[in-house]
Amino acid sequence: MEACYINGLGCVSAQHTIDENQFLEQVVSYHETILPTINPNYKEYIPPAAARRMAKGIKMGVVASSLALKEAEITMPDAIITGTGLGCLKDSEKFLSAIIDNDEEYLTPTAFIQSTHNTVGAQIALGLKCKAYNFTYVHAAVSFESCLIDAQLKFNEKEASNILVGGVDENGEHTYKLHALINHIKKDKINTFDLKNSNSVGTVFGEGASFFTLSDTKQESTYAQLTDVEIISQLTLEQLNDRIETFLKINQLSSDDIDAIILGVNGDVDYDHFYAHLQEGVFKETQQLYYKHLCGEYNTASSFGLWIGAKLMKSQQAPEAIKLNTTEVTSYKNILLYNHYRGENHSFTLLQSC
């Protein structure tokens, strides 16, 4: 693959991530099962008249993408690639409720139009007046990773120099009630910092948007090199070590070369054993980090994980709030991210210093 650099990023989450000069210095702890985002002042990024008509997912995406482009000093990307699991969920619920309440008659199409999954990428393009390649991936928990792979392929084919890539999902009350009924969400409220020690089923859900300006050229604002991404639909515990070792070998590395591994630990006792297998095995002596206690679980939560990895690579310091073990690192050169959701849609992402 051709070189791919992270030159700018923007993040709207349940933490104070808007200020690009901060890296989890002020961490918010929640005692909830569904985490809200800390909303930025949307008026600074979106005209108030337009913001009133936008779903929260769109507003989060517009702000995060604006920050990512501004930091990379890019005014017009060559492509916009967005990942989302459920799109603008609240408008979807609103439209479906209207169908039921009105016996499928006299429906206004606004909520339906704004609920489609590609609305976020479309609104970003409209705001930028960008007529370039614009694609949205809806692949459950690997939606965001699919975007990264697409961007790498475009760099490989010399079809773009600067690509805006992001993941965004929002909370939806009715949908999350259904998740709670089937024990995907914890029954009782829990302190988010206790998630790593949880022994109950389900997890804490959340929402957010993380965008990245990827480029084929390194510049002063560069955070890290995005070296490789791999996604696997189905993977057994017995296959996990071999797949990771193969992934690293392709990139001329071994598990011993990894300075830190960032895991998608979410406190679900039925599925965190995939992470525990690595923590107690091949990466036992490696610094172990996690992030879903900060942002909650959602289909594109791995984009928040990449935000963590990029900030970590640039700052060369890991905040105490994301540490799983006591292993210390003096220099970060190779960072591996591993994520899955409920034992499916596994992904490996490799970041390297540059």
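The values are calculated or read from the model by the stated rules, or taken from the named source; none is laboratory data. Please read these numbers as outputs of a predicted model, since none were measured by experiment. Cβ coordinates were reconstructed from backbone atoms using ideal geometry, including for glycine residues, and neighbour counts include every protein chain displayed.
Okay, here's what the table says:
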{"item": "Residues of segment 40-78 classified as in a loop (DSSP other than H, G, I, E, B) and of a type in the set (A, V, I, L, M), total", "result": "5"}
{"item": "Per-region count, segment 97-151, residues of a type in the set (Phe, Trp, Tyr) and part of a strand (DSSP E or B)", "result": "3"}
{"item": "Per-region count, segment 156-184, residues hydrophobic (A, V, I, L, M, F, W, C) and surrounded by 21 or more Cβ atoms within 10 Å (Cβ to Cβ)", "result": "4"}
{"item": "Every pair of residues 6+ apart whose Cβ atoms lie under 6 Å, when the first sits in segment 126-154 and is at negative phi while the second is of a type in the set (Phe, Trp, Tyr)", "result": "141/341; 143/137; 146/137; 147/137"}
{"item": "Leading residue by the ranking (surrounded by the most Cβ atoms within 10 Å (Cβ to Cβ)) among those in segment 186-206 that are hydrophobic (A, V, I, L, M, F, W, C) and closer than 15 Å to residue 30 by Cα", "result": "204"}
{"item": "Conditions (1) under 22 Å from the mean Cα position of the chain (by Cα); (2) modelled with pLDDT of 95 or more: number failed by residue 245", "result": "(1)"}
{"item": "Hey, residue 217 of a type in the set (Val, Ile, Thr) and either free of Cβ contacts under 8 Å to residues at least 24 places away in the same chain or buried (at least 19 other Cβ atoms within 10 Å of the Cβ) (or both) or not", "result": "no"}
{"item": "Some residue of segment 292-303 being closer than 18 Å to residue 27 by Cα and without any contact (Cβ under 8 Å) to a residue 60 or more places away in the chain", "result": "no"}
{"item": "Long-range neighbours under 6 Å by Cβ, at least six apart or interchain, first residue closer than 23 Å to residue 135 by Cβ within segment 167-182, second of a type in the set (Val, Ile, Thr)", "result": "167/300; 168/84; 168/120; 169/84; 169/300"}
{"item": "Top-ranked residue of segment 68-106 - restricted to ones that are of a type in the set (A, V, I, L, M) and modelled with pLDDT of 95 or more, ranked as farthest from residue 22 (Cα to Cα)", "result": "79"}
{"item": "Of residues in segment 324-354 being among the small types (Gly, Ala, Ser) and farther than 30 Å from residue 182 by Cα, the one surrounded by the fewest Cβ atoms within 10 Å (Cβ to Cβ)", "result": "331"}
{"item": "Residues located in segment 287-316, provided they are polar (S, T, N, Q) and buried (at least 24 other Cβ atoms within 10 Å of the Cβ)", "result": "300, 302, 303"}
{"item": "Condition broken by residue 81, with the remaining ones in (1) assigned to a loop (DSSP other than H, G, I, E, B); (2) among the β-branched types (Val, Ile, Thr); (3) in contact with a Leu (Cβ under 8 Å, 6 or more places away or on another chain) satisfied", "result": "(1)"}
